[in-house]
Structure formats: C-alpha cells, structure tokens
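First the structure, in the form of structure tokens, and then the observations on it.
The values are calculated or read from the model by the stated rules, or taken from the named source; none is laboratory data. In this text the structure is predicted, and so the values were computed from the model without any measurement. Cβ coordinates were reconstructed from backbone atoms using ideal geometry, including for glycine residues, and neighbour counts include every protein chain displayed. All accessible areas refer to the heavy atoms of the entire protein, side chains included, with ligands and DNA or RNA removed. Shrake-Rupley method; radii C 1.70, N 1.55, O 1.52, S 1.80 Å.
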Amino acid sequence: MTIEAIPFPHGSIDQVRGRALMLRGDDIDTDRIIPARFLKCVSFEALGDQVFEDDRLELGGSHPFDLTVHQGASILVVNDNFGCGSSREHAPQALMRWGIRALIGQGFAEIFYGNCLALGIPCATVALAQIDALQQAVAADPSQSWGFNLQTQQLTSATGSWDLQLESGPLEMLLSGRWDATSQLVAQDAALKRTMADLPYLNDFVASLH
Amino acid sequence: MSSGTLYDKVWDLHRVADLPGGSTQLFVGLHLIHEVTSPQAFAALHDKGLPVRCPERTVATVDHIVPTISQTRPFADPLAEEMLSTLERNCANYGIVLCGLGSGRQGIVHVIAPELGLTQPGMTVACGDSHTSTHGAFGAIAFGIGTSQVRDVLASQSLAMNKLKVRRIWVDGQLGSGVHAKDLILHVIRSLGVKAGVGYAYEFAGPAIDLLSMEERMTLCNMAIEGGARCGYVNPDGITFAYLQGRFYAPIGEAWHRALAWWSSLASDPNAVFDDEVRFDAASVAPMVTWGITPGQGIAVDESVPTADSLEPSERPIAEEACRYMDLEPGMAIEGVPVDVCFIGSCTNGRLSDLKAAAAIAKGRHVAQGIKAFVVPGSEQVARAAEAEGLDGVFRKAGFEWREPGCSMCLAMNPDRLEGRQISASSSNRNFKGRQGSSRGRTLLMSPAMVAAAAITGRVTDVRKLISNTATPKRFHQ
C-alpha cells in the first residue's frame with residue numbers, strides 16, 4: 001500500500017518519527033528492492049506498490065512490507081550491505097513511496113546510500129554489537145513509535161534509546177536542508193570554468209564529441 | 001590516506017569546489033546516459049528550468065530495453081518504445097549525441113564508449129549505471145550514479161562526491177590457459193567479499209594485470225562494483241594507448257602526442273601510498289562458477305558448494321538462503337550441474353575477444369539437446385567485427401542463436417529472460433535472485449568460454465577439458 005499521507009522529505013531533515021519495521025539479512029540488493037521489470041517507466045510514481053514485489057510474492061503475504069501492523073511505518077531497520085548491486089534510484093524511490101523516511105542498519109552500499117541522501121532519506125548505522133538488540137526491540141512491539149533525532153543521532157522509543165552514526169557530511173547536508181545538491185553545484189559555475197580551463201583533455205587535445 | 005595514486009591525481013585535477021558539509025564538487029569529463037535512468041532526470045531538469053550544462057560532454061545510447069531478435073520500430077513492448085522515444089526527444093531537445101539503433105555505434109553503454117574512444121585516461125566518467133566502473137580500465141575514475149545525480153551532472157557537469165580510499169589489488173603471475181579476467185575478478189570478489197570495497201576505489205596492478213588486454217581489463221573493472229567498490233581502475237600503459245589510437249574520438253596528429261605525454265604521467269607513482277593492499281597469484285586462479293545469489297558466492301569449477309562449517313559464521317545465513325534458492329546441496333560438486341539456458345553477452349563479457357573465446361569452444365561442436373543458447377554482441381561494432389570474422393556462422397552452426405546488440409538477459413528488461421525455475425550459465429555480472437527476469441530463475445556466473453562449454457555439454461563443465469581437443473568435432477548429449 002502506498003502511503004500518501006506522509007509528505008516526501010523537504011527542507012531540513014532533523015528528525016524522523018514513526019513506527020519501525022525490519023528486514024533481516026545481509027546483501028539485500030536493489031534488484032530485490034525493485035525488480036528490473038518495474039524500471040520500464042519514465043516516472044517513479046508507481047514504484048511504491050512494487051517495492052520488494054518478488055520477495056513479497058514468494059512469502060505470500062508474510063513479508064514485513066505486507067503485514068498490516070507495518071502499514072504506515074517510516075523507519076526501516078536492516079543488516080549489512082543493504083542496497084548493493086544496481087545503481088537504480090528506483091530502489092530508494094520505491095521505499096520512499098511506500099513510506100520509508102529513514103534507514104538504520106549495519107551498513108549500506110555506497111551508491112544506494114548516495115541515492116537516499118539525494119532524496120533526503122538518512123541512512124544511519126548502528127554498532128554491530130547493538131543491531132540484534134535493536135531488531136529485537138523493534139520486533140517486540142511493532143506498534144510502538146520511534147523518534148530518530150539527527151541532531152543527537154539517537155533513536156528513541158518508550159522502551160529505550162540507541163546511539164546511531166551518520167557521517168558528518170551527509171548529516172550536515174540533511175540538517176541544513178542542502179541534501180538536494182543541484183542548486184549548490186549550479187552556483188559554482190565560475191569555479192567549474194576554472195577547473196575546465198586546466199584540464200588537458202579539454203584544452204590541449206580536445207576532441208569534440210559532436 | 002592515499003597519495004600519489006592515479007586516483008589522487010585525477011581527483012585533484014577535477015576538483016571544482018569544497019561544498020558545505022565536507023563533500024567535494026567534482027567535474028565530470030564524460031557523462032554517459034541511457035534510456036532507463038535518464039528520463040526522470042530530464043524531467044527534473046525541466047521542472048527546475050535548467051539547461052544541460054555541457055551537452056558536448058554528454059553521450060547517449062539505448063541498451064537496456066532493446067529487443068535482440070527484431071529491433072524494428074515501434075517495439076512490440078509499448079513501455080520500451082516509450083522509453084526510447086523519450087530518450088530520443090530529450091537528446092534532440094538538449095543537443096545531445098545519441099548513438100541510436102542502426103547508427104553503427106549503438107550498443108551497451110560500457111561497450112560503446114571505450115570502442116568509440118570516448119573513454120580516455122585521466123577522465124572522470126559518470127553514468128546512471130553501476131557498471132560504469134568498467135571505464136576505469138583506461139585509467140579513468142568512473143563511477144555509477146543514481147537518477148538524482150544524473151540530473152545534477154546534466155545541470156552542472158559535476159557531482160557532490162566524497163573521496164574514496166584506495167586499495168591496491170596486486171596480482172602476480174599469469175592467468176593459465178582457459179582462465180580469463182572474469183575468473184580473476186570472481187576469484188577476487190570471493191576472497192574479499194561483496195562489501196569489502198565499500199568506501200574504496202580498487203586499483204588493479206601487478207604483472208598479471210600488465211599482461212591483460214584492454215577488453216580483459218574492462219571485464220575486471222566492470223565487476224569492481226560487485227565487490228562493493230564503486231570504481232576500479234588500471235594504470236594506463238602501452239596497451240591502453242595502442243587500443244585508443246585511431247578510435248573515432250581519440251586525438252590525432254600533434255594532439256595525439258600531447259595526449260600521450262599527459263596520459264603517461266597519470267599512473268600511480270612508484271612510491272604512491274595506498275590505504276590498503278592485497279595480493280593474489282594469477283596462477284592459482286581456476287575457471288570460476290558462482291553457486292549462490294551474490295557474486296561473492298563463487299568457487300573454482302573443480303570445487304564443491306561450500307558446507308556451513310567451511311564458512312565464516314556471518315556468511316552462513318546467506319549461504320543457506322542461496323542453497324535453498326538455487327536448489328544446490330552443500331558439499332556437491334558444481335561441475336556437472338545441468339543448465340537450461342546459456343547467455344553470452346553483457347557489459348562484462350560482450351566484446352569481440354569474449355565472443356572469440358566462446359566461439360573457439362563452440363567451433364566444430366554443437367549445443368546439447370534441450371539447451372537454449374544465445375549470443376548477444378555488446379554493440380553494433382562488435383557484431384559487425386564478429387561477423388567479419390565469421391563468428392556468427394560458427395555460433396549458428398553450433399546451435400547458438402546470434403542476436404542484435406543490447407543488455408539482454410543480464411537484467412532481462414527486454415524479452416530475453418528465464419522462465420520459472422530455469423537455471424542459466426551466464427557471462428553477465430549478477431546472480432541476484434530474480435535478476436534474469438524470472439522471480440524464481442537461477443543464474444550461474446562464469447566466463448564466456450565456460451558458458452560455451454556449458455552449452456555444449458548441457459552442464460557446468462571445466463572448459464579446460466575442451467581446450468585440449470578443440471580440433472576434434474564432438475557432439476555431447478545429456
């Protein structure tokens with residue numbers, strides 16, 4: 001079910017609140033998050049309904065994304081190397097359109113991490129020693145509400161609090177609302193021209209592509 | 001922190017500015033686009049009212065969704081047709097060169113850019129596709145990006161990036177007969193794991209790498225991402241320069257000599273500092289086959305599917321999941337496992353030398369009964385070159401289908417796909433669950449020569465056993 005009530009991330013991201021769900025297992029790749037046949041589109045709009053389509057079919061309704069108790073959840077707890085494989089931004093787009101606004105796990109694949117950041121979705125890591133306990137806490141009461149405070153880098157519920165880690169650069173981008181990089185990059189055009197003027201392949205032996 | 005490496009040199013030359021938050025704005029020297037990850041980026045650009053900053057540094061092709069049996073327009077699949085026509089419209093509107101179907105230059109984006117001479121040493125290359133690491137074979141810093149970043153590159157010809165650490169993967173010795181770059185990279189990923197490369201660029205170096213052809217180096221760098229490394233590269237050398245000379249977009253005359261002088265200065269210095277180094281011996285690499293659902297789950301063809309006690313505890317859950325999914329038993333030999341479909345192609349192994357290696361095995365033999373085997377050249381240029389050498393005839397005579405260029409069954413966005421529980425021998429790069437178009441389909445990754453051997457016997461086969469008697473025509477039956 002696509003949750004449309006929660007707006008997509010915009011501006012400063014200093015906290016994410018909501019219920020949490022978890023997916024166990026290392027190396028969950030982006031082909032599993034959104035199978036390639038759903039990439040045949042010129043818009044991301046329909047992807048929320050298709051997230052984890054094949055895994056969900058295989059489990060016949062018992063996949064975490066299908067359980068009634070998780071509908072409307074906004075925090076996804078995962079294990080290691082989540083989002084490996086294809087660079088398809090369709091993967092975080094599908095998660096976002098399902099309702100996910102933050103991910104917490106042992107580790108994330110690099111391109112996936114950057115794609116999430118570009119959508120204003122923090123991917124925070126938790127110490128290896130704590131991931132099992134966090135998963136148990138999430139599983140113990142799927143209806144409890146969690147708050148992920150980016151300023152303090154803590155995940156808190158009525159039952160406990162967990163220290164998370166976010167790299168300083170992405171953290172600053174999220175807190176300042178500058179995670180959408182386009183305008184910053186476009187603003188540096190004078191510096192871009194200086195860089196281009198010094199590149200041998202644009203000046204000393206230029207071969208136009210046209 | 002690394003210093004004096006090719007990665008450091010190229011990074012420094014492409015720095016535009018330091019951005020708030022600590023990331024670096026990096027100039028992108030070559031931006032490659034295709035039909036799958038660009039339409040939403042163009043739409044976002046349009047919404048923001050921004051032009052394409054450097055259309056002359058942007059090149060497009062169509063590869064992921066194209067059919068390989070008939071490429072007549074309009075495509076039978078209306079969604080595929082819409083994606084291609086959207087790309088055509090965007091390229092026309094923004095003045096971007098499109099290497100379209102029938103242009104003589106179309107093909108898989110990571111095959112055409114090198115063969116056209118677009119990819120050159122010392123460049124930064126970005127593309128909305130994780131296998132952009134391929135271009136690192138030329139001593140470029142090349143990495144895959146998502147669609148929001150495609151939008152950023154279109155708008156600003158640059159990206160917000162964080163500098164990676166550099167791990168040198170030093171390979172001594174020489175690959176044996178019947179052992180290819182694909183086997184080497186599967187061996188490396190098996191040893192280091194699929195996430196060891198996160199946060200790193202991989203520099204492939206050493207005597208074994210120096211001996212590799214450009215096409216082999218591309219195979220190697222192509223799969224750096226499967227080891228978690230967003231980019232992999234090889235220092236440019238005489239083999240690189242010889243490959244580039246005379247290519248369509250390569251410099252000529254005096255410009256060639258200026259290019260050569262600069263390119264020669266780019267290799268990592270003898271006293272370069274790496275963040276990490278690992279060593280391998282090429283002579284110990286055997287033909288590899290994956291048995292599981294990640295590219296790290298590979299073994300030599302004469303090994304057995306690992307048992308739980310031979311694995312690290314952290315690897316056991318996914319190994320168990322893999323055996324269940326693949327329907328393989330721990331401890332069983334991988335050699336002899338029957339296959340249904342044999343696919344030769346992809347950005348990993350769809351180049352001329354790959355097709356030659358497979359054809360050498362197929363020549364004078366025939367595909368086993370009941371096996372579907374097909375060859376998809378990586379590009380129109382590869383197809384024409386292969387046909388000029390008669391490889392299409394060799395394959396057809398041996399019972400393989402000879403197709404038109406595209407990504408095809410690597411990710412099955414076109415009509416080429418597995419059905420149900422079919423199991424493939426595939427020269428592609430990913431054996432993820434459902435990767436080849438059936439949610440329950442299974443993939444065994446291997447080199448093109450190994451795929452050809454599997455096609456001939458109908459089973460996973462050590463290609464080295466077929467090399468010694470290639471002169472004797474043989475027909476195998478299941």
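In the stretch B:74-89, of all residues being more than 23 Å from B:TRP402 (Cβ to Cβ) and open to solvent by less than 20 Å² (accessible area, probe 1.4 Å), the one that is farthest from the other protein chains (Cβ to nearest Cβ) corresponds to B:LEU87. Screening B:GLY378 with (1) within 24 Å of B:PHE75 (Cβ to Cβ); (2) touching a residue at least 12 places away in the same chain (Cβ under 8 Å); (3) open to solvent by 30 Å² or more (accessible area, probe 1.4 Å) gives one miss only, at (3).
Would you pick out the residues in the stretch B:90-103 that are open to solvent by 20 Å² or more (accessible area, probe 1.4 Å), over 21 Å from B:GLU401 (Cα atoms) and among the small types (Gly, Ala, Ser)? Correct list: B:ALA92, B:GLY95, B:SER103.
Would you check if there is a residue in the stretch B:295-308 being charged (D, E, K, R), surrounded by fewer than 17 Cβ atoms within 10 Å (Cβ to Cβ) and modelled with pLDDT of 95 or more? First the steps, then the outcome.
Step one: of the stretch B:295-308, the residues charged (D, E, K, R) are B:302-303.
When the remaining residues are screened for being surrounded by fewer than 17 Cβ atoms within 10 Å (Cβ to Cβ), the result is B:302-303.
Next, only the ones that are modelled with pLDDT of 95 or more stay: B:302-303.
Yes: one or more hits.
Restricting the stretch B:311-346 to residues that are of a type outside the set (A, V, I, L, M) and open to solvent by less than 10 Å² (accessible area, probe 1.4 Å) leaves a set whose member that is farthest from the other protein chains (Cβ to nearest Cβ) is B:CYS342.
Of the set (1) open to solvent by 10 Å² or more (accessible area, probe 1.4 Å); (2) within 21 Å of A:SER86 (Cβ to Cβ), all apply to B:ARG167 but (2). Contact annotation: residue pairs with Cβ atoms under 6 Å, 6 or more positions apart or on different chains, pairing a residue in the stretch B:71-100 that is of a type in the set (D, E, K, R) with a partner that is buried (at least 17 other Cβ atoms within 10 Å of the Cβ), are B:GLU81/B:PHE75. Take the residues in the stretch B:395-415 that are closer than 20 Å to B:ALA368 by Cβ and part of a loop (DSSP other than H, G, I, E, B); name whichever of them is nearest to the chain's Cα centre (by Cα). Here the answer is B:ARG403.
Within the stretch B:194-207, can you find the residues that are buried (at least 24 other Cβ atoms within 10 Å of the Cβ), farther than 13 Å from B:HIS135 by Cβ and either hydroxyl-bearing (Ser, Thr, Tyr) or in contact with a Lys or Arg (Cβ under 8 Å, 6 or more places away or on another chain) (or both)? B:GLY197, B:TYR200, B:TYR202, B:GLU203, B:PHE204 - these are the residues of the stretch B:194-207 that are buried (at least 24 other Cβ atoms within 10 Å of the Cβ), farther than 13 Å from B:HIS135 by Cβ and either hydroxyl-bearing (Ser, Thr, Tyr) or in contact with a Lys or Arg (Cβ under 8 Å, 6 or more places away or on another chain) (or both).
Here B:SER428 fits the description: within 23 Å of B:GLY227 (Cα to Cα) and either of a type in the set (Ser, Thr, Tyr) or free of Cβ contacts under 8 Å to residues at least 24 places away in the same chain (or both).
Within the stretch B:162-194, can you find the residues that are touching a Ser or Thr at 6+ places or on another chain (Cβ under 8 Å), within 14 Å of chain A (Cβ to nearest Cβ) and at pLDDT 95 or above? Result: B:LYS163, B:LYS165, B:VAL194.
Scanning the stretch B:126-152 for residues that are in a helix (DSSP H, G or I) and at the interface with chain A (Cβ under 9 Å from one of its Cβ atoms) turns up B:SER130, B:HIS131, B:THR132, B:THR147, B:SER148, B:GLN149, B:VAL150, B:ARG151, B:ASP152. Residues in the stretch A:48-80 that are within 10 Å of A:LEU21 (Cβ to Cβ), assigned to a helix (DSSP H, G or I) and open to solvent by 40 Å² or more (accessible area, probe 1.4 Å): A:VAL69 alone. Selection over the stretch A:27-47 of residues that are free of Cβ contacts under 8 Å to residues at least 60 places away in the same chain and part of a loop (DSSP other than H, G, I, E, B) gives a count of 8.
Being touching a strand residue (DSSP E or B) at 6+ places or on another chain (Cβ under 8 Å) and either open to solvent by 20 Å² or more (accessible area, probe 1.4 Å) or assigned to a loop (DSSP other than H, G, I, E, B) (or both) is a description that applies to B:SER191. Only a single item in (1) open to solvent by less than 40 Å² (accessible area, probe 1.4 Å); (2) in contact with a helix residue (DSSP H, G or I) (Cβ under 8 Å, 6 or more places away or on another chain) is not met by B:GLN245, and it is number (1). The set of residues in the stretch B:84-101 that are farther than 12 Å from B:LEU32 by Cα, of a type in the set (A, V, I, L, M) and outside any loop (DSSP other than H, G, I, E, B) comprises B:LEU84, B:LEU87, B:ALA92. Total residues in the stretch B:409-438 satisfying the condition of being among the polar types (S, T, N, Q) and either more than 21 Å from B:VAL460 (Cβ to Cβ) or more than 13 Å from chain A (Cβ to nearest Cβ) (or both): the figure is 5. For B:LEU98, the conditions (1) farther than 21 Å from A:LEU202 by Cβ; (2) of a type in the set (A, V, I, L, M, F, W, C); (3) in contact with a Lys or Arg (Cβ under 8 Å, 6 or more places away or on another chain) all hold with the exception of (3).
Can you tell me which of A:ASP31, A:ASP14 is under 22 Å from B:PHE432 (Cα atoms) and either away from every other protein chain (no Cβ under 13 Å) or open to solvent by less than 30 Å² (accessible area, probe 1.4 Å) (or both)? Only one candidate qualifies: A:ASP31. Selection over the stretch A:34-47 of residues that are more than 7 Å from chain B (Cβ to nearest Cβ) and open to solvent by less than 10 Å² (accessible area, probe 1.4 Å) gives a count of 2. When you scan the stretch B:208-225, how many residues do you find that are over 16 Å from B:VAL125 (Cα atoms), in contact (Cβ under 8 Å) with a residue 60 or more places away in the chain and open to solvent by 10 Å² or more (accessible area, probe 1.4 Å)? Residues meeting the conditions: 3.
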